Amino acid sequence: MSIFRRISNLFSRDQVQREIDSELRSHIEMRIEDNIAAGMSPREARRDAFLRFGNSTAVKEQTTEADSALYLESLFGDLRYAIRQLRRDPAFAITSILILSLGIGACTAIFSAIKPILLDPLPYPHANRITMLWERRADGSPAHVSFGTFQGLLQRSHAFDSIAVMKPWQPAIVAANATDQPERLEGQRVSAQFFRTLGIAPKIGRDFQPSDDVLHGPAVIILSDRLWRRRFTADPSIVGRQLRLEDNLFTVIGVMPPSFEDVLLPTAELWAPLQYDPSLPADGREWGHHLRMIGRLRPGIAADQASSEAASILRIQAQLYAKGYANSGGPPNGLIVQGLQHDLTSGVRPALLAVLGAVLLVLSIACVNVTNLVLARAAQRRAEFAMRAALGAARGRLIRQLLTESLLLALLGGAFGMAVAAAGVRAIVALSPAGLPRLSAITINGSIFFFAFAITALTGTLVGLVPALEAARIDPARGMQQGSQRTAGSRHLPRRILVVAEVSLAVVLLVGAGLLLRSMTHLFAIDPGFDAPQLLTMQVQESGRQYDNAAARLRFFDQALERVRHMPGVLSAGFTSQLPLSGDVDGYGIQFEHGPQAEAAFRYAVTPGYLETMHIPLRRGRALNERDAAGAPVAVLLNEGFANRIFPAGNALGQRVRLGGDMGHSDRPWATVVGIVGNVKQVSLGDTDQDAFYIATSQWAWADEVQSLVVRTQRSPAALTSLIRDAIWSIDKDLPIVRVATMDNLLAASESERHFVLMLFEAFALAGLILAATGTYGVLSGSVTERTREIGVRAALGASRSSILTLILRQGMTLTASGVLLGLGIAMAASRALAALLFDVSRLDLLTYLGVATLLLAVSCVACYIPARRAASVNPVEALRAE
C-alpha cells in the first residue's frame, strides 16, 4: 500500500502540501494552547511554540523528503529552478554550454577512434588467438616471410590450428564500355587456409580448398560484399560466373559476408589462391621475403611457446633448403610471434594515446573554466544562498540545487557535444593517416553514446562540486555583507587556484604541440635525396595477354615514355619499379664477388633519365644510359651509403655483383658497379639511409608489370595530369593508371601520422590557450567588480592610476606565472608519452619550453590588462556613492 500511496502522491502534490501545512499549523496551535494553560502570556506562548518547532520551511522540506515520491517532485522542482536561473543569465549559460560541448565533443570523437582500434577485439571469433608472424633478421628486426618458411611451419608446427600467408594483388578489370576508365582492383593472393585462420567463411558459395592452392591450379576468386554490390549489383547467381581480369578468366566461387573486415588489407575487394610451388625450387619466388603470415594458436598455447617451436623448425628448414635460403640472404634467426591486434596497432598506439591525453587535458581545462564561471556566478548569488540558509534550507539542499544546475549545464553541453563529436569523427576519418587500422569501424554507436553520457555526468558533477561546497559553507550573517573585504578575499581563493590549474594544463598542451611542431620542422628540413617540386607521378600497370612476355612489356613502357617526353611542358620523364616515399617496398638480394656473401637492398629498375628527372645526384662514375640495354654488359649503381659501408676504402666502382633470387647460381651473369649515387629516403624521412641498387629496366631479369612514371614539368604538374594520362591510353586504353600525385604530396603523406597528431595537438593547444586566457580574464574581471569599493577608497586616498593598474596586473600575472611553473614541471614528466613521435628533438627541448612560457605570459598579460585598465578608471566618488 505504501508504494501505491507514494505513486499517487506524485499526482496530488498540492493536496499533500496542504495536508503538511495543516498538520504543522495544528501542532503549533496545540503547543500555544498548552503554553497558555501553563500560565504564559499569548505572545510568549506563540513565540515559544515557533521556537520549539523551528523553521517551518525546513520542517516542510524534511517532511517532503521523507516520502520518496515527494522527494522526486522536489528534484523536479530543483530542475525547474535551475532552468529559470539559466534563463535569467543567458550569457553565462551559452558560454558554459559552448565550452563544455567543445570538451565533451572532442573527447567523445577521439574515444570513437580509439575504441575500435585499441580497445575492441578484432572482428573475428576468438581473435585473441590470431597472431602475426615475422621472420627475425640478424639484428632482431622483423622481416616478411618466405614461402619456404611458411611451408616448413605448415608441415611441422603443432602450436597452430592453422597458418596462412598472403601478398597484395592488384588485378586490372577492363572498362565495361568506351566511356568508362579501366579499373585496378585491390586484392590479395592468399593460401588456402586464409579465411579459416581468421575464422570467417563466405556467405555465398564456398571457401578455398587445398586443391585450389597448387601450382598452375584453377583460376578461382572470392569477392567482397562491397565489390559484389558495387560492380555486380548483388547478383545472386554470381557463384560460377567467370570474370576477365588481365585477360585471364577467373571463376567466382564465393562472396564474403558484409560484416567481414580484412584488417590486413582494408581496401581488399577480392581474393585468389597464392599457387606457389610447394616443391620449393631453390631459384624460385618461393624464397623471396614478400609474404605476410598469420596463424591461429591452439587453445592454451602462448605466443612464446609458438615462437620457440618455430625456431626449432626453422633450424631444420635451414638444413634442408640451404640453397634457397642462401639465395634470399640466409635463413632467419627464428620467428617473431605477436598478437594480430598488437601488431596492427603498435605503429599508431603512441600517437592515439598522445591524442587521448591531449583531449583529456582540453576537457579538464573546459571543466576548470566552467567551474570558475559557476564560482563567479555563485559569488553574485551569495545573498540568495544566505537568505535560503537563514530561512532554514539545509546544506545538503543547497548542494543538491547547485549540482542540479551544473548537471543541467553539462547535459546541454553534452547534447551539443554529440554534434561536435559527429563532426569530429568525420574529420578524423578524412584526415587520418593511411596506416590507421580499422578506419571503417570508427563511428558513433550505442557504446559511444553511453561513454558520452558517462563523461557528461562526471563533468557536471565535477563542475558543480566545488561551487556547491562553497555555497554550503556560507554563514547567513556574513553572506549578506557583499562588500566585506575579508569575505571577498576568501571566496576568490578557490577561483585563483583553479586559474593556476587551468594555466598549468594549457602549458602541458602547448609544450606537446611545440615539440611536435619542432619535430615536423626538422623532418621536412631533411634532404629526401631528390627535388620534389614540379614532379608529377603516376603508377601504370600493364594488363592483358599481349604483355605476357617481357619484350612486350618493355616495348609498351618505352613507347609510353617516348610520348610523354615529347609533350609540351615536360622537361624530362622516367619509369621506376618503386617510387620513394610512396609506400613501395621492394627488396632483393645482392652478392658481391669480393665482399659479403649476401645482402638485401632496395631494388630500383629504372629507365635512363629517371635519375636526372628526380635530380638524384651522381657522386662517382657514370649514370645509366641508352647503352645499358638487353644483351649488353649489366651495369649497376649503388647508393652512397651502401657503397661506403661495403667498401669503406672507396673502391666500389668496378666491383662485380650478382642480383636477384637466383644470385647463387654460377651461371648467373655478373653485373658491374659503374656509378655511385646519392642516398634516397624510401620509406620515411625519419628513417636512416638504407642500402639500394639501381639497374636498367631492360637489364633486369624479370620485367615489372607495374611501374611508376615520374615527370618533371615546366608549369604546375596538376595541369598536365589528364594530358599525360591520355598519351599513355593512346597506346592502350585498357591499362589502369592509379596513384596520381605530385611528389610534394607524397612527401607530405609519408609523415601523415606525425602531421595528424600535430594538427590535433595544435587545435587542442589553441583551445587550451584561449580557455586559460579567458579564465584569467574572468577571475580578474570578477575581482575588479567585487572590489570596486576598495579600489575607490584607494583612489580617494591618493593611489595613482598606474599603481592600481600595477596592482591588478601583478595579481593576474602572479597566477599565470604560478601556473606556468607548475605546468612546465608536469610537461617534463608528461612529454615521455610523445617520445616515440619526436624526431631530432629532445622531449626536454629548452627552446620549446621557453617559447611556451613566453607565449602564455604574453597572452595572459593581454587578458590581465583589460580588467586592470577598468580598475584604474574607477571613479572614487561614484564607487563610494554606489556602495
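The values are calculated or read from the model by the stated rules, or taken from the named source; none is laboratory data. What you are looking at is a predicted structure, and each value in this text was computed from that prediction instead of being measured. FYI the Cβ positions are ideal-geometry reconstructions off the backbone, even for glycines, and counts take in every protein chain you see. Keep in mind that these areas ignore ligands, DNA and RNA; they rest on the heavy atoms of the full protein, side chains included. Shrake-Rupley method; radii C 1.70, N 1.55, O 1.52, S 1.80 Å.
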Selection status of G569, of a type in the set (G, A, S), under 25 Å from A703 (Cα atoms) and at pLDDT 90 or above: no
Search result, residues across region 740-774 that are of a type in the set (D, E, K, R) and modelled with pLDDT of 90 or more: D744
Matching strands (runs of 3 or more DSSP E) fully within region 574-647 where at least 3 residues are open to solvent by 50 Å² or more (accessible area, probe 1.4 Å) and closer than 16 Å to A692 by Cβ: 618-621
Residues of region 725-748 classified as in a helix (DSSP H, G or I) and open to solvent by 60 Å² or more (accessible area, probe 1.4 Å), total: 3
Where a residue in region 626-637 is under 17 Å from L611 (Cα atoms) and its partner, wherever it lies, is among the hydroxyl-bearing types (S, T, Y), with Cβ under 8 Å and at least six apart: D628/S698; A629/S698; A635/T672; V636/T672; V636/Y694; L637/Y694
Number of positions in region 299-313 that are in contact with a strand residue (DSSP E or B) (Cβ under 8 Å, 6 or more places away or on another chain) and open to solvent by less than 50 Å² (accessible area, probe 1.4 Å): 5
Search result, residues across region 458-512 that are closer than 18 Å to S783 by Cβ, at pLDDT 55 or above and of a type outside the set (D, E, K, R): V466, P467, H492, L493, P494, I497, L498, V499, V500, A501, V503
Every pair of residues 6+ apart whose Cβ atoms lie under 9 Å, when the first sits in region 512-525 and is over 16 Å from L846 (Cα atoms) and touching a residue at least 40 places away in the same chain (Cβ under 8 Å) while the second is not aromatic (F, W, Y) and not in a helix (DSSP H, G or I): M520/E751; L523/S684; L523/L685; L523/G686; L523/E751; L523/D840; F524/L685; F524/E751
Failed item, numbered, when A727 is tested on (1) closer than 30 Å to G823 by Cβ; (2) in contact with a helix residue (DSSP H, G or I) (Cβ under 6 Å, 6 or more places away or on another chain): (1)
So S722, is it open to solvent by 20 Å² or more (accessible area, probe 1.4 Å), more than 26 Å from C107 (Cα to Cα) and assigned to a helix (DSSP H, G or I): yes
Failed criterion for A835 (all others in (1) at pLDDT below 90; (2) out of contact with any Pro (no Cβ under 9 Å at 6 or more places or on another chain); (3) surrounded by fewer than 16 Cβ atoms within 10 Å (Cβ to Cβ) hold): (2)
Qualifying residue in region 785-798 (condition: polar (S, T, N, Q) and under 28 Å from L493 (Cβ atoms)): yes
Test set (1) assigned to a helix (DSSP H, G or I); (2) open to solvent by 20 Å² or more (accessible area, probe 1.4 Å) - G782 fails condition number: (2)
Matching residues, region 263-298, being open to solvent by less than 30 Å² (accessible area, probe 1.4 Å) and either without any contact (Cβ under 8 Å) to a residue 40 or more places away in the chain or not in a loop (DSSP other than H, G, I, E, B) (or both): L270, W271, A272, P273, E286, W287, L291, M293, I294, G295, R296, L297
D531 being in contact (Cβ under 8 Å) with a residue 40 or more places away in the chain, open to solvent by 10 Å² or more (accessible area, probe 1.4 Å) and within 30 Å of G660 (Cβ to Cβ): no
Within region 827-877, tally of residues that are in contact with a Lys or Arg (Cβ under 9 Å, 6 or more places away or on another chain) and of a type in the set (S, T, Y): 3
Selection within region 186-205 - small (G, A, S), surrounded by fewer than 19 Cβ atoms within 10 Å (Cβ to Cβ) and in contact (Cβ under 8 Å) with a residue 60 or more places away in the chain: G199
Leading residue by the ranking (most open to solvent (accessible area, probe 1.4 Å)) among those in region 323-360 that are part of a helix (DSSP H, G or I) and farther than 30 Å from V508 by Cβ: K323
Matching residues, region 131-183, being out of contact with any helix residue (DSSP H, G or I) (no Cβ under 7 Å at 6 or more places or on another chain), at pLDDT 85 or above and either of a type in the set (G, A, S) or open to solvent by less than 10 Å² (accessible area, probe 1.4 Å) (or both): L133, A143, V145, F150, P171
Members of region 399-437 that are within 14 Å of T461 (Cα to Cα) and either among the small types (G, A, S) or not in a helix (DSSP H, G or I) (or both): S406, A410, G413, G414
Region 101-126, subset part of a helix (DSSP H, G or I) and open to solvent by 20 Å² or more (accessible area, probe 1.4 Å), residue farthest from R292 (Cα to Cα): L102
